[in-house]
Amino acid sequence: MKPPLPKFRRDIPHTKPARGYQGRSVGSVLNRIIAPTMRRRGFREVDILAHWPMIVGPQLAAMSCPERISRRGEGAVLTVRVEGAMALEVQHMSPLILERINQHYGSGAITKLNIIQGPLPLKPIKQHSRPPDVTELAEAEKSLGDIPEGRLKVALARLGARIARKTAEDEANTSS
């Protein structure tokens, strides 16, 4: 026969954590986990990937992604993946890109830029943090006119409220 379960939490005997176990943050362990893959691609640190938009600027970062670093002779070659026809634009801007990278990492860190065309990794889609509230839904339903009540009208009202919110946010961002 099993002993009865304790009624209160304080009645449960305290146990010690497993020997050698210490909670760690993901950031402190992440470099060790992805280091082998990064080394195969020539990256010693994740730094260039994490700071790519800061190094080359948001416009160039939106159309390019660093692929690998190859060590050749006295310098290193950075291979950059560029989407479609933007490769020509990046090729013309390669002296500027090299200058920015070498400003970030030190003179002569990267000596040549190799550009390849291909699809970029997908960026996560931003989602709204909250669903439309009652007032936004009521305003959107007014614009629907004489659509009969039902699931279609509710879905259209939600869509209209989200579009109205997005339009208002975009107008606020452009005016400031």
Where in the range 140-176 are there GluC sites (Glu not before Pro) that are in a DSSP coil and have at most 10 other Cβ atoms within 10 angstrom of their Cβ?
Glu149
Checking the range 96-165 for trypsin sites (Lys or Arg not before Pro) in a loop per DSSP with at most 12 other beta-carbon atoms within 10 Å yields Lys126
In terms of modelled amide H atoms, which long-range or inter-chain residues lie less than 5 Å from the amide H of Glu83?
Gly118
What list of ³J(HN,Hα) values in whole Hz, one per residue of the range 85-92 in order, does the Karplus curve 6.51 cos²θ - 1.76 cosθ + 1.60 (θ = phi - 60°) give from phi, with Gly and Pro shown as x?
6, 6, 4, 5, 4, 5, 4, 5
Specify the inter-centroid distance of the range 62-136 and the range 145-176, based on alpha-carbon positions, in whole Å.
35 Å
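No value in this document is a laboratory result; all are computed from the given coordinates. Please read all numbers here as calculations on a predicted model, not as lab measurements. All Cβ positions, glycine included, derive from the backbone under ideal geometry; neighbour counts span all protein chains shown.
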